[in-house]
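Novice: Would you mind keeping the following structure in view while I ask a few things?
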Amino acid sequence: MKLPDSLATERGSHVLQLAARGLFALLVALYFIALPSLRVPLHIAITGLLIIVYLMVHAGLFFRPFTGSSILANLVDLGALGVLLLLDPGEPPPTLALMIVAVLSTGLLNGLPRFLYSLIGATVVLAVVLPLRLQQSEAPLAASSLFLLAVMMTCALYFGLLLYRNKELTRLTQEATWQDPRTGLISRMALAHTAGWLLPLHERLSSPLTAVLLRPRDPADLETLANALSQRLRRSDIGARADEECLALLLPDTAIANAERVLTSLRDVSPPFTAVMTAVPRETSLELVLDHLAATFHRSDSRRSDTDLRELIHAPPLRP
């Protein structure tokens, strides 16, 4: 069975999430219709209206996406699950299982950071909802509910460890490759190997060498900046992926003043970016130079205000 390639895209994953939410909403509606009574008496029409509003909110977030819409969708899910847990008269409440489904699916589709945020959000919701359920029933929490919570926590912990392991394996694999898959430039490890022969050559020829770190204002523009950089590279220039946010650029036989002109021409065809540069001194390592540029970026970020958007930063001289 061959699945369409569109399912692997970001929009395809959003379609699957919307379909899954619709299916779960239908199951929840059938579950509550089959119950003889609710903890909080609600008419069936009101229950159906709430489910329709829930689906309409997600449909609006799907057809009119914006920055942070996926995070808002997760918050809507957690809030809706909290309401379900208050209404569910079961002990343990079957709808509690939907909480772990929401957390694990978020991590599976969006990675470790979003999984942790979703797990924290679910913990906050449970910390609010469970005491309210105890006040309504005036009975201690059943052993079955405690067992279900323990199973959910164990699954979340194990799944989080798997996500962390996969993230580290992916990072190590990318570092071991010659080409960075996201930008098409060479990887940082490949750049370090290239510097192994480039730096001694420039020291022997006594020619200037300038190193630059480029960081787009919007992290989503990293690929666009890399494409513009690859089109503007001279035959002797070397562009590479430096880290998650930055690109590295080595300009052989180029002094600082000429490097500034190279960046000026790059700005005409690329998204806005901030650059930090320095002359590479003799008898030094490229890793030391890149770490020095990254530290300069960090110090500049800690000092600037939101309105201070510098385009070019000259790093202090690095002593060999």
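The values are calculated or read from the model by the stated rules, or taken from the named source; none is laboratory data. Keep in mind that what you see is a predicted model, and the values were worked out from it rather than measured. Backbone-built Cβ (ideal geometry, glycine too); neighbour counts: all protein chains shown.
Novice: List every residue pair whose Cβ atoms lie under 6 Å apart, where the two residues are 6 or more positions apart in sequence or sit on different chains, the first residue falls within region 81-103 and is in contact (Cβ under 8 Å) with a residue 40 or more places away in the chain and buried (at least 19 other Cβ atoms within 10 Å of the Cβ), and the second residue, located anywhere, is assigned to a helix (DSSP H, G or I) and hydroxyl-bearing (Ser, Thr, Tyr).
Specialist: Hits for this filter: Val103/Ser118.
Novice: Among (1) in contact with a Phe, Trp or Tyr (Cβ under 9 Å, 6 or more places away or on another chain); (2) over 18 Å from Pro317 (Cα atoms); (3) crowded, with 21+ Cβ neighbours inside 10 Å; (4) not basic (Lys, Arg), which single condition is Ala226 missing?
Specialist: In the conditions (1) in contact with a Phe, Trp or Tyr (Cβ under 9 Å, 6 or more places away or on another chain); (2) over 18 Å from Pro317 (Cα atoms); (3) crowded, with 21+ Cβ neighbours inside 10 Å; (4) not basic (Lys, Arg), Ala226 misses (1) alone.
Novice: Further question: Scan region 230-247 residue by residue and report those that are in contact with a Gly (Cβ under 7 Å, 6 or more places away or on another chain) and surrounded by 21 or more Cβ atoms within 10 Å (Cβ to Cβ).
Specialist: Hit for region 230-247 is Leu247, nothing else.
Novice: Let me ask something else. Of the residues Thr284, Thr307, which single one is assigned to a loop (DSSP other than H, G, I, E, B), surrounded by 15 or more Cβ atoms within 10 Å (Cβ to Cβ), modelled with pLDDT under 85 and in the same structural domain as Arg215 (by TED's automatic domain parsing)?
Specialist: The match here is Thr284.
Novice: While we're on this one: Among (1) modelled with pLDDT under 85; (2) in contact with a His (Cβ under 7 Å, 6 or more places away or on another chain), where does Met277 come up short?
Specialist: The single condition Met277 does not satisfy is (1).
Novice: Another question, if that's okay. Among the residues that make up region 249-262, is at least one of them in contact with a Gly (Cβ under 9 Å, 6 or more places away or on another chain) and among the hydroxyl-bearing types (Ser, Thr, Tyr)?
Specialist: Checked against the condition, which is being in contact with a Gly (Cβ under 9 Å, 6 or more places away or on another chain) and among the hydroxyl-bearing types (Ser, Thr, Tyr), region 249-262 yields no hits at all.
Novice: A further question follows. Would you please list the contacts, defined by Cβ atoms under 6 Å and residues six or more apart or on different chains, that run from a residue in region 252-274 that is within 15 Å of Arg215 (Cα to Cα) and at pLDDT 85 or above to a residue that is of a type in the set (Ser, Thr, Tyr) and surrounded by fewer than 19 Cβ atoms within 10 Å (Cβ to Cβ)?
Specialist: Close Cβ pairs (under 6 Å, with a partner that is of a type in the set (Ser, Thr, Tyr) and surrounded by fewer than 19 Cβ atoms within 10 Å (Cβ to Cβ)) amount to Pro271/Thr224.
Novice: Out of Ala59, Ala97, Ala80, Ala20, which single residue is more than 29 Å from Ala127 (Cβ to Cβ), at pLDDT 85 or above, in a helix (DSSP H, G or I) and assigned by TED's automatic domain parsing to the domain that holds Leu157?
Specialist: Of Ala59, Ala97, Ala80, Ala20, the one residue that is more than 29 Å from Ala127 (Cβ to Cβ), at pLDDT 85 or above, in a helix (DSSP H, G or I) and assigned by TED's automatic domain parsing to the domain that holds Leu157 is Ala59.
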